[in-house]
Each structure stands twice: as C-alpha cells, then as structure tokens.
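Following: one structure in structure tokens, then a few remarks.
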Amino acid sequence: MRIWGLAAALGLTPIAITVAAAQDAPAKSSNDLAVAFGAREAVRQISLSPDGTKVAIIQPTKGRGSALMIGDLVKGGELKAIVTSTGNPDQLGDCHWSIDTRLICRIVITTNINGDRLGFSRIIAVDSDGKNLKLLSARTSDRSLGLMQNGGSLIDWGAGGNGSALMTRLFVPESSTGTHIAESQSGLGVELIDTTSLSRKQTEPARDGAVDYISDGRGNVRVMGIRPKTSSGYDSDKIIYSYRTSDSRAWKPLTTVAIVAGQTAGFVPYAVDPTLNVAYGFENQDGRTALYSVALDGSLTKKLVLSRPDVDIDDLVEVGRQNRVVGATYVTDRREAVFFDPPLKALRIALGKALPGKIITFIDASADESKLLMFAYSDLDPGRYYVFDKKTRSMAEVLSSRPDLDSVKLATVKPVSYQAADGTSIPAFLTLPAGSDGKNLPAIVMPHGGPSARDEWGFDWLAQYFAARGYAVIQPNFRGSTGYGDAWYQKNGFQSWRTSIGDVNDAGRWLVKSGIADPRKLAIVGWSYGGYAALESAVLDPDLFKAIVAIAPVTDLDALRDESRDFTNFPQVDAQIGHGPWIAEGSPARNAGKIKAPVLLFHGDRDTNVG
C-alpha cells in the first residue's frame, strides 16, 4: 500500500514521493490480452471498518469462487482470506463491518426448483479473523408454507452503532398442525439483531405487500412502502408510501407511485435526512427525473432540490455509516456530482486537482467520517481504491481494481454524436485503438444492455479489449436508453424497437461515412438487450454488419413474457413488452431468415434473467 501526500492540491506542503519510472511493457499476444481483460475485477466489493484501520474486500478466486479478504491499513502487509465461497452454487455478495472486529455478509445461492432457476440470499456474521461464523437470517422449518428467497437486507446499524444491525426479515407462515409455536406472520418486517449474540427484537411487524423500509440512519424506520397484490396474486401497478413524524409511531400517507411499463409516476422516496427531517426522492419534472425533498413534519412540504433541462438526476451521494445524503449525480458526457455538504464539496474539488481527469466517488467512511474510502477512475484507468485521512490530509492507495491491466496501454474514450436517419442527434462514445490514425479500421458497434440503461464515459473492459485488438468501437445511447428523459425513452427499447435499432444501425453507417470504419469489416456486438439489438439489427438492414456477436440475448419477446408468468412481477413485464405487431416483427428468432451475416451466440448456463 502506498501513502501519497496530496500536497498543494489540498493546500499542504508537498511530501516527497518516489515513483518508479514507467517502463515500456512488451507487447502482449492476443491470448495474453484476452486473459488480462477477461480477468474478473480484483475488487468486487470493499468496505471500511468503523475505526478506519481495516478494509474488507471481496476478491475473485479460481473458477467462479470468491474470498473475503481483510487488510490492515495501519500495519500494511498481505490481505488475509477469512471466508471463501466456491460459486457452486454459493457466492459472496457483499460484506460490511458491524463493529471493528465483526462483519455481516450476504450469501447468494442460485439453484433449480421445479425447473426454474431461483436465487436465494442469506446473511451471515463473522469475526474479522474468520472465527465465530453465524447465520443472521431467520431460519425456516419443514412446516414453512412458502419459500424464503430473501434472507433480509441491512437498513442501518441501529442507534449507537454497538454491533447491532437493523434488518428486514421476510416472515413465512408455518403449518400449525401439531404445534402451538408455528409462525403465523406473513410478509416483510424489520428486526434489530445483535450481530454477536444473535439476539433479535422485532421493531416492525410483518406486513403483506411491504416492499420497502427506509430508516433515518439512527435506527428509526421513517418510511414504508406497501405494494398491494391483485386478486390473481400478482404485484399491482402502485406502491403506497407512508411516513412517521419524528415524535410518533403512527403512519401517515406520504405518496402513491404508479408503475406503468417500467416507468414510475410520482415521488419515489430513497433516503431520510433526520437533521433536516425530510425524505429525499425522485420525481418527474417536465419529462425528466429531478431530485426533491418532502418534509416529514406533517406538512409534506415539497421542494425541488436539483434538476437539469437536458438529463435526469439519477442517484444520491451518501456517505458514512448513517448513509448521510450529501449530494446527487447525473450524467451528461461524463458523470458529475453536485454536493450539498460544503466541506465535502471543497474536498471533492481538492481531490479533483490531486487526481486530475478522474471521476471520484465516495464508497464508505469510518464511524466519525474522519477517513473516507474512495474510488477514482477514468477512461485510461480502470480504477483504484484510496483511503483519505482528513486529519493528516493524506491518501493511501489500497488496491487497483484491475492489476492485470496496469501494464496495458488503454485507449482514449471520446464523447461523439451522429445523425440518425430522421435527423435526431444521437450521443455515443467512441474508442479508437491507441496510436491509430482512426481511419479505415475494423469496427464494432456495441449497444448497451437494459434496455432501461445507458452507457457513460469511463473504463469499459470489453470496448477496451476490442480497441487493444485494433478495432474502433462506438457505444450509442440510442433512443430507448434511460437518463435523457421520457421523450428519449419513448415506449422502451422493445415496443419502440424500430427506433432503437434504427439508431444502433445508424451508428454503424456513421462509422463508415466518417471514414473510421472499413465497411467490409464492420461488426456488431451486444450483451443482454445489446445482444437482442445485435440480432435485430440484421432484421432492419441485413447487409450492414458483416458479423454479429450476441451474448445472452433476448430472442423472442413472447418467450421473454412467458418466462415471468409464474412470478409476481408478470403484469409489469407484460406491460413493458406490450401486445402488438412489434412482437413478431421485433423477435429475432422469428426473423432469422433475414439474417445474412454469420452469428456467434453465447449464453450462460446459470442465467436467471434471460432463459
């Protein structure tokens, strides 16, 4: 671990830094590049201990496996594995410190039940030396009348932060035949659990239809969301939110959110600020998502906190063990943050000077917020984790996210735009091979997944791999992408597939017209919805792409609908896909005869999303 002085960027006297001169690395073979880029990230998830002296890191191991590693930031030295999972079928999800010597971790298991691949989660607690591993999730019995897929989720650490965890719990009723102690509650509730003694106290009763509990970071649940069921047992198209004032346990109406075809209407609460006594949340304003606050004092006074006329406000910036809201983010050409907290705003500006060109995000903090765990990345840097000490105003690099690429020269990613057939300007990101003249290259159009998603500036391992092999890569944010408002999203990338796929194809035409792409060597590669787009691109223009690579693609819209029929979200999936002529026209499997280019198709054997 290296300690860096932030020097003049933070208004300090410079600290001498010794850096080894970079050496030209030998050229890597194509196989070496595939291994380097294809390696899983060295940090799948990371958290900082309450005293700020240790980090817990989930790292990949052989095959599908992973390990929970503990690193001492004070003593340095090697990371030590304390918990491992094989990935067959158990997988470490995420781990967080309850106290300086104990963590809680989510374990995810995927298995086959009655022909369906289902995911299950469970929460465990373990000492930082790997001892005293215990199950925190409630146990079910052979009398249970249903499956407990959800093993609970952490809401906050409870008042005092003394080793407790405020967690949701899914209550599954049990058969009472022959017993007087059967569980009768049903639905999602909340418990306060001691992560060492495992003693548990129910703080919120189980409620059928409960889908969301939001606390104030001090152990008090202040907002609750209930999603009623239809008479058929499916999820309804609304979530009813209630709240509590700070001096009462009584629930009061807050808002009702409508959910139609994957889009929401109404104020959607995300976090509670106990000092300001408000709920922060997102709501549509003039066709784009904006950030609002609503007073939780009984008045329900709503205030606009942040909006933009061009893009959606898409996330909150939260810091510390209380998940204190300190800002919000949006994406134009690159991700930007607006800070409400003046000291963090000033620190973010200073860090930007110390790490120029990098996007910096706050990941975690010590209990007193004197130490901050951060991640900094750019298009030319996959990202590195740092710990910043406010008291000494110094920063330590903890780990590179992709050490296998430290010696690989990466390619610059440039925001561009091109004209669609109807004249609409489509934003995109262009990656050209490092050192190339950018002319007459083999080229790839790479549409993103989703369709409710978007690409943004930064490091993309697949685009960079192709660039390292000599390909130009364009990643279009076609109409149907999120982040640009309702008009851009249209009816989503399935119902409006002709527009979405037309924009994707126009990206390929622009590469050729601008002289970047050799028209004889133009391909399309996509993953998930991007794989769907890759296949469907040939339905609109069979002669454009000379090769098609589809990874885990949707191939038939009716089949995608049918796969959700036995799940509670079926009405929402059904509405998103819709009913109309686009089902047959927009299903690649039904139009395979139109595809002229060779197709390479990949699909994971454990995919629970696209069957």
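The values are calculated or read from the model by the stated rules, or taken from the named source; none is laboratory data. Just so you know, these numbers come straight off a predicted model, no measurement behind them. Here Cβ is always computed from backbone atoms with ideal geometry, including for glycine, and neighbour counts include all displayed protein chains. Ligands, DNA and RNA are stripped out before the accessible areas are found, and what is left, the full protein with its side chains, is counted by its heavy atoms. Shrake-Rupley method; radii C 1.70, N 1.55, O 1.52, S 1.80 Å.
Side notes on the structure shown:
- Looking across segment 113-160, the residues that are under 21 Å from ALA206 (Cβ atoms), part of a loop (DSSP other than H, G, I, E, B) and small (Gly, Ala, Ser) come down to SER137, ALA138, SER141, GLY146, GLY151, GLY152, SER153, GLY158.
- Meets criteria (of a type in the set (A, V, I, L, M) and at pLDDT below 95) for ALA376: no
- For GLU318: the one exception among (1) free of Cβ contacts under 8 Å to residues at least 40 places away in the same chain; (2) assigned to a strand (DSSP E or B): (1)
- Filtered residues of segment 228-239 (kept if farther than 16 Å from VAL294 by Cβ, part of a strand (DSSP E or B) and open to solvent by less than 40 Å² (accessible area, probe 1.4 Å)): ASP235
- Odd one out for ARG509, checked against (1) closer than 28 Å to LEU560 by Cα; (2) open to solvent by 20 Å² or more (accessible area, probe 1.4 Å): (1)
- Scanning segment 151-160 for residues that are open to solvent by 40 Å² or more (accessible area, probe 1.4 Å) and at pLDDT 90 or above yields SER153, LEU154.
- Any hit, segment 594-609, residues being more than 16 Å from TRP527 (Cβ to Cβ), β-branched (Val, Ile, Thr) and modelled with pLDDT of 90 or more: yes
- As a summary of the residue check, GLY163 satisfies the conditions (1) modelled with pLDDT under 95; (2) open to solvent by 30 Å² or more (accessible area, probe 1.4 Å) except for the one numbered (2).
- Of the criteria (1) aliphatic (A, V, I, L, M); (2) without any contact (Cβ under 8 Å) to a residue 60 or more places away in the chain; (3) at negative phi, which one LEU300 fails: (3)
- Strands (runs of 3 or more DSSP E) (entirely within segment 354-424) containing at least 1 residues that are open to solvent by less than 50 Å² (accessible area, probe 1.4 Å) and among the charged types (D, E, K, R): 359-365, 371-377, 384-389, 394-400
- Members of segment 514-524 that are of a type in the set (A, V, I, L, M, F, W, C) and open to solvent by 10 Å² or more (accessible area, probe 1.4 Å): ILE516, ALA523
- Selected residue (only one of SER246, SER242 is part of a strand (DSSP E or B), in contact (Cβ under 8 Å) with a residue 12 or more places away in the chain and hydroxyl-bearing (Ser, Thr, Tyr)): SER242
- Of all residues making up segment 497-506, the number that are among the charged types (D, E, K, R) and either under 27 Å from the mean Cα position of the chain (by Cα) or surrounded by 19 or more Cβ atoms within 10 Å (Cβ to Cβ) (or both): 2
- Residue satisfying all of: in segment 283-313; aliphatic (A, V, I, L, M), touching a Phe, Trp or Tyr at 6+ places or on another chain (Cβ under 7 Å) and not in a strand (DSSP E or B); surrounded by the most Cβ atoms within 10 Å (Cβ to Cβ) among these: LEU296
- Residue selected from segment 324-348 under the condition touching a residue at least 40 places away in the same chain (Cβ under 8 Å) and basic (Lys, Arg), by the criterion surrounded by the fewest Cβ atoms within 10 Å (Cβ to Cβ): ARG334
- Helices (runs of 4 or more DSSP H) wholly inside segment 505-611 containing at least 3 residues that are touching a strand residue (DSSP E or B) at 6+ places or on another chain (Cβ under 9 Å) and over 29 Å from ALA258 (Cβ atoms): 529-540
- Some residue of segment 197-206 being closer than 20 Å to LEU103 by Cβ, open to solvent by 20 Å² or more (accessible area, probe 1.4 Å) and part of a strand (DSSP E or B): yes
- Number of positions in segment 252-282 that are touching a helix residue (DSSP H, G or I) at 6+ places or on another chain (Cβ under 8 Å), open to solvent by 30 Å² or more (accessible area, probe 1.4 Å) and assigned to a loop (DSSP other than H, G, I, E, B): 1
- Verdict on ASP558 being charged (D, E, K, R), without any contact (Cβ under 8 Å) to a residue 24 or more places away in the chain and open to solvent by 30 Å² or more (accessible area, probe 1.4 Å): no
- Checking each residue in segment 439-485 for being in a helix (DSSP H, G or I) and out of contact with any strand residue (DSSP E or B) (no Cβ under 8 Å at 6 or more places or on another chain) picks out TRP461, TYR465, ALA468.
- Those residues of segment 432-451 which are crowded, with 19+ Cβ neighbours inside 10 Å and over 21 Å from GLY502 (Cα atoms), in sequence order: LEU432, PRO433, LEU441
- Scanning segment 452-464 for residues that are open to solvent by 40 Å² or more (accessible area, probe 1.4 Å), of a type outside the set (Lys, Arg) and at pLDDT 95 or above, we see that the one that is farthest from ILE359 (Cα to Cα) is TRP461.
- Residues located in segment 98-112, provided they are farther than 14 Å from ARG606 by Cβ and part of a strand (DSSP E or B): SER98, ILE99, ARG102, LEU103, ILE104, CYS105, ARG106, ILE107
- Matching residues in segment 321-348 - criterion: being within 17 Å of ASP368 (Cα to Cα) and in a loop (DSSP other than H, G, I, E, B): ARG321, GLN322, ASN323, ASP341
- Contacts under 6 angstrom Cβ, first residue in segment 254-273 being modelled with pLDDT of 95 or more, partner part of a loop (DSSP other than H, G, I, E, B) and aromatic (Phe, Trp, Tyr), 6 or more apart: THR255/PHE267
- Of the residues in segment 38-46, at least one is part of a strand (DSSP E or B), touching a residue at least 12 places away in the same chain (Cβ under 8 Å) and open to solvent by less than 40 Å² (accessible area, probe 1.4 Å).
- Here LEU351 fits the description: in contact with a helix residue (DSSP H, G or I) (Cβ under 8 Å, 6 or more places away or on another chain) and not in a strand (DSSP E or B).
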